[in-house]
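Let me begin by presenting the structure, written as structure tokens, before commenting on it.
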Amino acid sequence: MKTTISQIGNHVGEKVTIGAWLANKRSSGKIAFLQLRDGTGFIQGVLVKAEVGEDAFAQAKEITQESSLFVTGIVREDDRAPSGYELTVTGVELINDSKDYPITPKEHGTEFLMDHRHLWLRSKRQHAIMRVRNEIIRATYEFFHKEGFVKVDPPILTGSSAEGTTNLFHTKYFDEDAYLSQSGQLYMEAAAMALGKVFSFGPTFRAEKSKTRRHLIEFWMIEPEMAFMDHDESLEVQENYVSYVIQSVLENCKLELKALERDVSKLENIKAPFPRITYDDAIAFLQKEGHEIEWGEDFGAPHETAIAKEYDKPVFITHYPASIKAFYMKPDPNREEVVLCADLIAPEGYGEIIGGSQRIDDEALLQKRYKEHQLSEDAYKWYMDLRTYGSVPHSGFGLGLERTVGWICGTEHVRETIPFPRLLNRLYP
Ligand code: 4AD
Ligand code: MG
């Protein structure tokens with residue numbers, strides 16, 4: 001019967017057939033080991049010459065890397081195998097012969113691998129990362145649905161910007177100017193006024209000329225927005241959400257985390273609540289540590305890493321100066337120069353994974369901000385309407401999927417966390 005590697009444990013002692021690719025092989029005169037992968041997982045097929053016969057054995061030894069096959073064999077339990085099973089092969093049918101597969105088992109440089117990203121995805125490590133990414137997405141939908149959120153899809157083509165105008169991708173929308181969305185937030189605020197608690201999951205675009213291990217040009221964001229919720233309540237949702245995602249990955253991606261050689265002890269205690277420090281205290285701490293930074297400046301990667309080092313859980317940095325944050329953030333009623341916001345900084349140097357805030361709900365104040373930020377009243381008229389017609393306190397946040405994948409998988413660079421990364425100077429493949 002036909003099955004997949006992930007389901008093979010249901011067939012111990014039975015003869016099964018799997019469709020697979022040859023990832024790697026080694027052999028002696030009498031026995032051949034085929035490393036097989038089928039997308040659902042990896043398994044070793046063992047071919048014994050004395051059992052399959054001279055011809056079949058000789059043919060199997062000739063199979064080249066990444067050739068596609070139907071492999072038939074008997075499923076055995078094997079404690080030494082990462083998956084727990086092995087296949088005693090009785091027959092191999094070649095589907096397609098792969099010639100000179102470029103990604104051989106030896107080491108390759110990053111640029112070479114990036115040029116072959118369409119093939120690199122097949123390798124064990126990339127396979128594991130994509131599956132962890134999938135689990136994070138699955139757990140995200142599960143968490144927000146359990147919590148009573150409604151999934152809403154904001155537009156990708158927009159006429160206005162959410163996060164400032166300096167890094168927008170411009171395009172034409174027939175005769176009008178349009179931009180690729182940097183964040184669905186403003187639309188999610190409208191959705192929250194219609195549906196209460198909402199979340200989005202979609203691609204966002206930033207024409208940032210930054211070449212760091214944390215920046216993508218195109219990345220995916222999860223953006224919840226909640227009517228009648230203040231800043232502190234939003235932080236609770238955030239820490240519960242991140243904890244839920246981590247615990248789901250630990251539970252459902254054991255093989256993947258093993259393949260990635262991830263130190264899971266660092267993830268196991270990621271459980272709410274998370275520590276919180278104010279921007280003021282973070283600045284004081286950094287100055288004490290010898291960093292050259294003044295109140296009013298934004299943090300760079302080394303600052304975030306230094307702060308994160310102090311904790312073994314993600315840490316919220318709250319109450320940033322209004323001057324370095326977006327126009328829509330609500331000022332602290334006790335201190336106008338700071339806003340009710342927080343960035344969540346992941347441990348182990350992975351940096352900011354969430355940016356969020358309580359939003360301005362006062363129409364007059366929002367009008368003042370439009371003027372200060374020189375925002376077009378026409379383009380943002382609809383956003384003002386949300387304050388004119390039944391404004392309520394509301395909060396929301398955005399979690400960057402790729403940085404979260406990077407942290408959970410322990411990758412060195414965000415390029416490995418998305419199937420086809422869009423980076424500065426990279427649009428291929
Ligand atoms: O902090 P950001 O810019 O916040 C917003 O866009 C808000 N409108 C979200 C909201 O409140 N609904 O981005 C949110 C997160 C960051 O914390 C980071 O994880 C990720 O998005 N991010 C990036 N990830 C990869 N590459 C980039 N260039 C990123 N820019 C932001
Ligand atoms: Mg941010």
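The values are calculated or read from the model by the stated rules, or taken from the named source; none is laboratory data. These numbers were taken from a predicted model, which means no experiment stands behind them. Because the Cβ atoms are built from the backbone with ideal geometry, glycine has one as well, and the counts that use them run over all protein chains shown. Just the protein is used for accessible areas: all its heavy atoms, side chains included, with ligands, DNA and RNA removed. Shrake-Rupley method; radii C 1.70, N 1.55, O 1.52, S 1.80 Å.
Can you confirm whether L401 is free of Cβ contacts under 8 Å to residues at least 40 places away in the same chain and either open to solvent by less than 60 Å² (accessible area, probe 1.4 Å) or within 16 Å of ligand 1 (Cβ to nearest atom) (or both)? Spelling it out, it is not the case that L401 is free of Cβ contacts under 8 Å to residues at least 40 places away in the same chain and either open to solvent by less than 60 Å² (accessible area, probe 1.4 Å) or within 16 Å of ligand 1 (Cβ to nearest atom) (or both). Among the residues of the stretch 268-315, those identified as assigned to a strand (DSSP E or B) and either hydrophobic (A, V, I, L, M, F, W, C) or out of contact with any His (no Cβ under 6 Å at 6 or more places or on another chain) (or both) are R276, I277, V315. Looking across the stretch 373-412, just one residue is basic (K, R) and within 16 Å of ligand 2 (Cβ to nearest atom), and that is R403. Any residue in the stretch 413-423 that is open to solvent by 50 Å² or more (accessible area, probe 1.4 Å), more than 16 Å from ligand 2 (Cβ to nearest atom) and over 21 Å from T166 (Cβ atoms)? Scanning the stretch 413-423, I find at least one residue that is open to solvent by 50 Å² or more (accessible area, probe 1.4 Å), more than 16 Å from ligand 2 (Cβ to nearest atom) and over 21 Å from T166 (Cβ atoms), so the answer is yes.
Evaluated against (1) open to solvent by 60 Å² or more (accessible area, probe 1.4 Å); (2) within 23 Å of the chain's Cα centre (by Cα); (3) at pLDDT 95 or above, V152 falls short on exactly one condition, (1). Taking (1) buried (at least 16 other Cβ atoms within 10 Å of the Cβ); (2) under 28 Å from F149 (Cβ atoms); (3) touching a strand residue (DSSP E or B) at 6+ places or on another chain (Cβ under 7 Å) in turn, Y279 satisfies each apart from (2).
You will find that of F112, F174, the residue that is outside the structural domain of N240 (by TED's automatic domain parsing) and among the aromatic types (F, W, Y) is F112 and no other. Residues that are part of a strand (DSSP E or B), open to solvent by 10 Å² or more (accessible area, probe 1.4 Å) and closer than 25 Å to E225 by Cβ occur at least once in the stretch 320-329.
Can you name the residue in the stretch 333-389 that is within 16 Å of ligand 1 (Cβ to nearest atom) and of a type in the set (S, T, Y) and, of all such residues, is most open to solvent (accessible area, probe 1.4 Å)? Among those residues, the one meeting the criterion is Y350.
The residue that is nearest to G410 (Cα to Cα), counting only those in the stretch 253-263 that are open to solvent by less than 80 Å² (accessible area, probe 1.4 Å) and in a helix (DSSP H, G or I), is L257.
Within the stretch 220-240, the residues that satisfy the criterion of being closer than 19 Å to T404 by Cα, more than 13 Å from ligand 1 (Cβ to nearest atom) and of a type in the set (D, E, K, R) are E236, E239.
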